[in-house]
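Some notes on the structure that comes next.
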Amino acid sequence: MIDAYLDAADQITIVRKGEQAEDVNDLAVIQEDEFLSIAKTEDKGSYITVWLEHPISLDHFTNIRFGGGRFPLQMGKYILSIEFDLKYSTDKQMGATYSKDHTIFRVFAPTVVQCRLILDGQAYNMDKIGGYFEKIIKQDCHGKYYHYEASHNHVTHNVIDPYVKAVSANGQEAMIVDFDRINPGFTDHDVPDIPNDSAIIYETHVRDITSHPNSGVKEEWRGRYLGMTERTTTRHRLSSGLDYLKEIGVTHIQLMPVNDFITVDELNRDKSYNWGYDPHFFMVPEGSYATDPNDPVNRIIELQTLIRTLHENGMKIILDVVLNHVYRVEDSNFEKLVPGYYFRHNQDLSLSNGTGVGNDFASEKMMGRRFIADTIHFWLEQYRIDGYRFDLMGALDIETMQGIESIVQEQDREIFLLGEGWDLPTALDYSKKTLPEHSCRVPSVHFFNDHYRDSIKGSNFELSEKGYVNGDGRGIDAIRELFTGFHKPFTAQMSINYVEVHDNHTLYDRLRYSSGKRQYILESQHQIATALVLLSFGTPFLHAGQEFFRTKYGHGNTYNLSDMLNRMDWNRRAKYQDNIEFFKSLVQFRKREEVFRLKDQGSIDSA
């Protein structure tokens, strides 16, 4: 028994399995019953290296005859090479490109030998053109379901198009959609004219903000897109949901991931919970937030309705996008189409895992970068999104982010870009990582300022450590620098100032653990921290409910816990009304005073 891998266009490595000593003279490389010319072989005992006379074609089934058996050729190091990337990458539009009289289906799959389009149960052979397959169907395909049947040398996969825009419940089947037909005029609606330098960002989760019994949202809309569009009040006759967001005066609503994710069963949504950082389909709205996840169009229209409603009420929308990993590589449609290509590898060929979830998406690969850019462009075009928050942005390469900057600069409105610029232990070279230290190369990208966070409340990962507000003014010199927005490597232009996000403990829970003070002092410390965020130079970022002392009852990582722990408790809305009024006054003060629009150090120092 052997495994055979293509390590270069003209080089195959054959790995012996177990104690074997077959004669290499019995070795042959066979394509469609034709024997390929071998230039030389080198037998190292446990493995054999084979050099071919000519580069191999990936357009035919290839087998290795050895030791009396036939074994399929699998992809090895070749797929990770620059040579492979340059040879097979393309600028052709991938996915299903719809028009009323025909749809063009394209899928990038250079290592696939045969690919069939399965359209509403009917099979069509696709033509291979370089590194992709193509089929043109001359009919109106709106509303038709499809998938691909991709055959490699050793396995055939049913594959859902990574470029899919609509899917059935739990992503079982892809659907072709004419966006102009399902929601006419949506892409022409007006967007609030709020410049990036005036942004006050408020992070929330579709399910969290509407699922509490006292949210005022009708029961069938709780935890769903439409729940955020309803004009509601709590039983205390105080605004909630949409009206509350409008009342507190924030400018940008950042939605935690709303693209399709895996770990909530869309047909049994109440049985599980997740923040959504386990992406499945990157261009499809999550179905568990829709009123009818069985209908692929329903979730599109309802998310568009939410976006339009927020726009009509004077707020912009930032999407939290997770473009740095997939949930499981082996189940990924990327991996089924081009095994190994879309994921970053270490020198020993193991998967790079800087993200901490098992894999890092290879944004530096030409078609990986292309997919990310196409995803960004699609949401801008079809959903009128106003900004992106990049999860674990430090795992994305700078050239990819520069491409995204170019895309947003072409828009007819200002688009806000921000992300987590952490230096993660990924296989990407340090010089290519999107980090605060490299901000001069991506000047329109904003970075979460962890120095700001930790200086105010103590190290994020040491609960007992104290900062300025809970440590009797500790670190006042650093606070002065952070307040003006200039604490290396950060500047006011790039700094996202925050003390609380969805990750880790809420500020209230953190202060309860570390402060050791009475309740009224704890609340005062919390007020000071929130006030600093809203009054510092840079961009303020608030976590939903922070203004009424949001608690998760001591839990720091609630990504897959219950609604009870994650939902916004609208009873606290009434209990802490005084603090909400304080918060609102700070928001209005910041919006009113032009000085907070300053971003350069000279102007701030002289203000």
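Got a sec? Which strands (runs of 3 or more DSSP E) wholly within the range 20-105 have at least 2 residues that are open to solvent by less than 40 Å² (accessible area, probe 1.4 Å), touching a residue at least 60 places away in the same chain (Cβ under 8 Å) and out of contact with any Cys (no Cβ under 9 Å at 6 or more places or on another chain)?
Working: elements: 28-31, 38-43, 47-52, 62-66, 69-75, 95-99.
Fully inside the range 20-105 and qualifying: 62-66, 69-75.
With the requirement that a residue be in contact (Cβ under 8 Å) with a residue 24 or more places away in the chain and either on the phi > 0 side of the Ramachandran plot or open to solvent by 20 Å² or more (accessible area, probe 1.4 Å) (or both), what does the range 313-332 give you?
N313, G314, Y327, R328 - these are the residues of the range 313-332 that are in contact (Cβ under 8 Å) with a residue 24 or more places away in the chain and either on the phi > 0 side of the Ramachandran plot or open to solvent by 20 Å² or more (accessible area, probe 1.4 Å) (or both).
Whether any residue in the range 529-538 is open to solvent by 50 Å² or more (accessible area, probe 1.4 Å) and in contact (Cβ under 8 Å) with a residue 12 or more places away in the chain is what I want to check. Steps first, answer last, please.
Looking only at the range 529-538, we keep the residues that are open to solvent by 50 Å² or more (accessible area, probe 1.4 Å), and these are none.
Looking for residues that are open to solvent by 50 Å² or more (accessible area, probe 1.4 Å) and in contact (Cβ under 8 Å) with a residue 12 or more places away in the chain, one finds none in the range 529-538, hence no.
Among the numbered conditions (1) in a strand (DSSP E or B); (2) open to solvent by less than 10 Å² (accessible area, probe 1.4 Å); (3) over 27 Å from L245 (Cβ atoms), tell me where Y341 comes up short.
The number of the failed condition is (1).
Please specify each residue of the range 122-134 satisfying the condition of being touching a residue at least 24 places away in the same chain (Cβ under 8 Å), closer than 24 Å to Q172 by Cα and either buried (at least 18 other Cβ atoms within 10 Å of the Cβ) or not charged (D, E, K, R) (or both).
Listed by number, the residues that qualify are A123, Y132, F133.
What are the pairs, 6+ residues apart or on separate chains, where a residue within the range 347-364 that is within 17 Å of H280 (Cβ to Cβ) has its Cβ under 9 Å from a residue that is surrounded by fewer than 16 Cβ atoms within 10 Å (Cβ to Cβ) and among the hydrophobic types (A, V, I, L, M, F, W, C)?
Filtered contacts from the range 347-364: G358/L351; N359/L351.
Would you check which residues across the range 106-120 are among the aliphatic types (A, V, I, L, M), part of a loop (DSSP other than H, G, I, E, B) and open to solvent by 10 Å² or more (accessible area, probe 1.4 Å) and list them?
V113 - this is the single residue of the range 106-120 that is among the aliphatic types (A, V, I, L, M), part of a loop (DSSP other than H, G, I, E, B) and open to solvent by 10 Å² or more (accessible area, probe 1.4 Å).
Looking at R550, R573, which is the one that is buried (at least 19 other Cβ atoms within 10 Å of the Cβ), out of contact with any Gly (no Cβ under 8 Å at 6 or more places or on another chain) and in contact (Cβ under 8 Å) with a residue 60 or more places away in the chain?
Just one listed residue meets the conditions, R573.
Can we say D348 is out of contact with any helix residue (DSSP H, G or I) (no Cβ under 9 Å at 6 or more places or on another chain), surrounded by fewer than 22 Cβ atoms within 10 Å (Cβ to Cβ) and not in a loop (DSSP other than H, G, I, E, B)?
Working: out of contact with any helix residue (DSSP H, G or I) (no Cβ under 9 Å at 6 or more places or on another chain): yes; surrounded by fewer than 22 Cβ atoms within 10 Å (Cβ to Cβ): yes; not in a loop (DSSP other than H, G, I, E, B): no.
Here the answer is no, as D348 does not meet what is asked.
May I ask you to list the residues in the range 315-339 that are in contact with a helix residue (DSSP H, G or I) (Cβ under 6 Å, 6 or more places away or on another chain) and either among the polar types (S, T, N, Q) or under 22 Å from Q93 (Cα atoms) (or both)?
Matches in the range 315-339: L323, N324, E335.
The values are calculated or read from the model by the stated rules, or taken from the named source; none is laboratory data. Computed from a predicted model, the values in this text were never measured in an experiment. When we count neighbours, we look across all protein chains shown, and the Cβ atoms used for this are built from the backbone with ideal geometry, even at glycine. Please note that ligands, DNA and RNA were not included when accessible areas were found on the heavy atoms of the full protein model with its side chains. Shrake-Rupley method; radii C 1.70, N 1.55, O 1.52, S 1.80 Å.
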